[in-house]
Each structure stands twice: as C-alpha cells, then as structure tokens.
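For reference, the structure is listed below as structure tokens.
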Amino acid sequence: MHLLLLAAALLAAAPVTKPKNAKEPAVAGSFIDCDISSGQPIRCGDTYQGKAVVQTSAGIQECSIADGVLTECDGPFQGRTVVQYEGIYQECDVGDGVVSRCNGWLDEGKAPVWKGKSPPVAPKPKKEEAKDDGECKDGKASDGKKCEAPKKTTPKGKRR
C-alpha cells in the first residue's frame, strides 16, 4: 500500500512535458464578430470574416480577415474608426496607425473583437514584383537582374 502511495506521489510531482513532435498552434487567437454596447462586447458569434480596421502589432491597420485570422493588411490607418482604446470600444481619430483623439465609448454597434494574445501580429506585406519595361541601363534591367544592352545597328541592319 505504501509503495502504491509513493508511486502516485512521484507521478503527481513529475513535470508535465509535451511530446517532442507536438506543434504550437500557428495562431494564438482569432477575431470574433461581436455586438458592442456601452463600449463593451456583449454578444459574440462566429469568427470574423471580411475587411476591418483593427489594432495589430504594427499599429491600427485596415486588414482582411478570414476565419478570424489576419490575412493581409494595408499599412497604417488614417481616419475615423471604431477601435478598442483604453479597454473600451470607442470612435476615434487615427493618424499613421496611432489614436490621436476619441469621443467616448461606442453606444451600440458591431466590431471584430480579438480573443487571444494581444495584439495580433500583422502579416508582412506582399512584395510587388517589378515590371520589366525592357530597358537595360548599366548592365541591369529595371527588375535588378543582369542584362546586355542591344547592340546598335545602322538602318540597313549593319553594325556600326
């Protein structure tokens, strides 16, 4: 009996470890579609889908959200929007992704509410591919790749 109690005590005191092949979740939270009253979420439903202005790790941005997860953001937001500021949802003026002035809590409305680690990490912007305009200057094309300038010819097609 004592041996059984000793074994149980040892098992209870043993640290809990994750298996080596266990993966952490890729996203530590999601945006939920919620009704707002007096600046606070009161009823929440499904994960948010669509475009919204939200607080991210890179400031306040207009982002696309799919299944509650940020998929793409357009950079710092400028204008008037509803954001969570000082713990309540307020209508605020935002410049370069930073709140400059608010008018008090939102009486009633809807907003995507972040449930998880705060704030959500903004996805890196996609790099636009350089267009090849066909020009070659100093051995480099407009897209940065090496190139050779076409050799000049005379009107009859002979080289100079």
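The table for this structure:
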{"quantity": "Separation of the Thr47 and Ala66 label points, Cα + 7 Å toward Cβ, nm", "calculated": "1.1"}
{"quantity": "Gained length - Asp74 relative to Lys145, 0.36 nm times residue gap less alpha-carbon distance", "calculated": "22.7 nm"}
{"quantity": "Sequence of Tyr48, Tyr85 once ranked by neighbouring C-beta atoms within 10 Å, starting from the fewest", "calculated": "Tyr85, Tyr48"}
{"quantity": "Ala58 long-range amide H proximity, modeled H, under 5 Å", "calculated": "Ala122"}
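No lab work stands behind these numbers, since they all come straight from the coordinates. Quick caveat: nothing in here was measured; it's all calculated off a predicted structure. Every residue, glycine as well, gets a Cβ built from its backbone with ideal geometry; the counts of neighbours run over all protein chains shown.
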